[in-house]
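This report concerns only the one structure given below.
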Amino acid sequence: MDIIDLRSDTVTKPTPAMMQAIMSAEVGDDVYKEDPSVNALEQYVADLFGMDEALYFPTGSMANQAAIKLHTQPGEQLICDKWAHVYNYEGGGVSFNSGVSCRLIDGHRGMITAAQVEASINLPDFYHSPLTSLVCLENTTNKGGGACYDFAEILKIKAVCDAHQLGLHLDGARLMNALVEKNETPKEYGKVFDTISICLSKGLGAPMGTVLVGNKDIMKNAMRVRKVLGGGMRQVGFMAAAGLFALQHQATQLKEDHKKAKELAEVLSSCSYVSAVEPTETNIIIFYLEKGISEIQFITDLEQKGIRISAMGEGKLRIVTHHDYTTKKHDFFLNFLSTYLA
Ligand SMILES: Cc1ncc(COP(=O)(O)O)c(C=O)c1O
C-alpha cells in the first residue's frame, strides 16, 4: 500500500536530483569552516536575505535556541505567542539554555500584534520584574495552522522593538511558505529582523538543517553558542548541498502544496462529519470533527487506507501537505474524505 503521510512536511525524502547534489558535494571539516558546501549555503542565505552572516545548524530548534541565547542574558524575558514553537516544542530550552522566561501573548492563530507586544513589556526600571529583551515571532505559524503575518503588522512590531531596544527574532521554519504565498521577498524580512531561522527540512524537502541568518553584531558569538549546544558538525556539506538545492529548486513548488491544502480544506468544509476548518493559507490544515464522531476511529479508518494525519489535542486535527504528496495521492485522499460516512 502506498502510504500517504500528511502528519508533517518533515517526512519528505530527497528526490533523485537532490541525491545527485548530495553525491557530488565537495566537503571539508565545517568546525574549521573548511566545508565549501556549507560555506556556499551560508553565503547564499546571507545574500538572499541581504544580511551579514549565516550559520548552518542541524535543526530548527537549535537555531532558535541559539538565537535566543545570542539576544538575552539569564533572568531576562522574551515575548511570544502562547502557541509559539520556541515555548511549546523545544523542550523548555528557553529556560534550560538561556535562563530566560517567556511572557505569553494570547494572539490570533499564533500571531501577535504590536499593541500586544507594547502592553507586555516590563518597565526597565521596575527591577522586581524580569527585563524584557526579545520578541520572537513565528511565520508561518505551526500550531496556528500555517497562518501568515501581515507584513505591515511586522513593521509595527519592529517599531515597538526599536523604541524599547528589544531584539526581534523570527522563527521562520516555514518562512518560504509565507514568502511564496504573499509574494514577499527575503530581503524585506532581512531589513526588519535581527535574526531569522529558516528550516530546510520542512516544506523545502531537505533531509536536515536550518540556517540562522543575522547581522554581524548579533552573529559574532553564534559559532561559540552553536558549539556549546553541541551543533558543531564536520563533513556536513553533503546535507548543506541538499539544503542549497532545496532553496534553489524546491521553493517555488510550495505554491502547489498550498493549492492542494486549500482543496483539502474546501472538501473538509463540505463534509457532514467536520464541524469546523480553520482558514487555510499555506500548507497546514487544522480542522475539528463533529461531536459524536470519534477522533480515534477517524484516524484508525484513515490508517487502514494508508493515510496518516496528526491529532494535536483539544480536538484539533492537522494535515500538512508537502513535496512527496503527489497529485495521485491527493485525488485518492480527496475521494476518501468526500465518501467517508456517506
Ligand atoms: C515553527 C517551527 N519552528 C521550529 C521547528 C523546529 O524544527 P526542528 O524539528 O528542525 O528542530 C519546527 C518544527 O516543526 C516548527 O514547526
Could you check, for the stretch 151-166, whether at least one of its residues is at pLDDT 95 or above, within 30 Å of residue 276 (Cβ to Cβ) and either charged (D, E, K, R) or within 13 Å of the ligand (Cβ to nearest atom) (or both)? yes
Kindly state which helices (runs of 4 or more DSSP H) lie completely within the stretch 91-169 and contain at least 2 residues that are in contact with a strand residue (DSSP E or B) (Cβ under 9 Å, 6 or more places away or on another chain) and open to solvent by 10 Å² or more (accessible area, probe 1.4 Å). 114-119, 151-163
Checking residue 140 against (1) among the polar types (S, T, N, Q); (2) away from the ligand (no atom under 16 Å from the Cβ); (3) touching a Lys or Arg at 6+ places or on another chain (Cβ under 7 Å), only one condition comes out false. Which one? (2)
Residue tally, condition among the basic types (Lys, Arg), within 20 Å of residue 53 (Cβ to Cβ) and within 16 Å of the ligand (Cβ to nearest atom), over the stretch 176-235: 1
Among residues of the stretch 251-267, those that are touching a residue at least 12 places away in the same chain (Cβ under 8 Å), assigned to a helix (DSSP H, G or I) and either touching a helix residue (DSSP H, G or I) at 6+ places or on another chain (Cβ under 8 Å) or over 28 Å from residue 45 (Cα atoms) (or both), counted: 10
Name every residue in the stretch 58-76 that is part of a helix (DSSP H, G or I) and over 12 Å from residue 173 (Cα atoms), in order of residue number. 65, 66, 67, 68, 69, 70, 71
I'd like the residue in the stretch 1-41 that is of a type in the set (Ser, Thr, Tyr) and part of a helix (DSSP H, G or I) and, out of all such residues, is least open to solvent (accessible area, probe 1.4 Å). 37
So for the stretch 77-85 (the condition being open to solvent by less than 30 Å² (accessible area, probe 1.4 Å), within 16 Å of the ligand (Cβ to nearest atom) and not aliphatic (A, V, I, L, M)), does at least one residue qualify? yes
Name the single residue, out of those in the stretch 198-244 being under 20 Å from the mean Cα position of the chain (by Cα) and of a type in the set (Lys, Arg), that is most open to solvent (accessible area, probe 1.4 Å). 202
Could you check residue 299 against (1) assigned to a helix (DSSP H, G or I); (2) surrounded by fewer than 15 Cβ atoms within 10 Å (Cβ to Cβ); (3) of a type outside the set (S, T, N, Q) and say which number it fails? (2)
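The values are calculated or read from the model by the stated rules, or taken from the named source; none is laboratory data. Just so we're clear, the structure is a prediction, and the values are computed from it rather than from any experiment. Every residue, glycine as well, gets a Cβ built from its backbone with ideal geometry; the counts of neighbours run over all protein chains shown. Just so you know, the surface numbers come from the protein's heavy atoms only, side chains and all, with ligands and any DNA or RNA stripped out. Shrake-Rupley method; radii C 1.70, N 1.55, O 1.52, S 1.80 Å.
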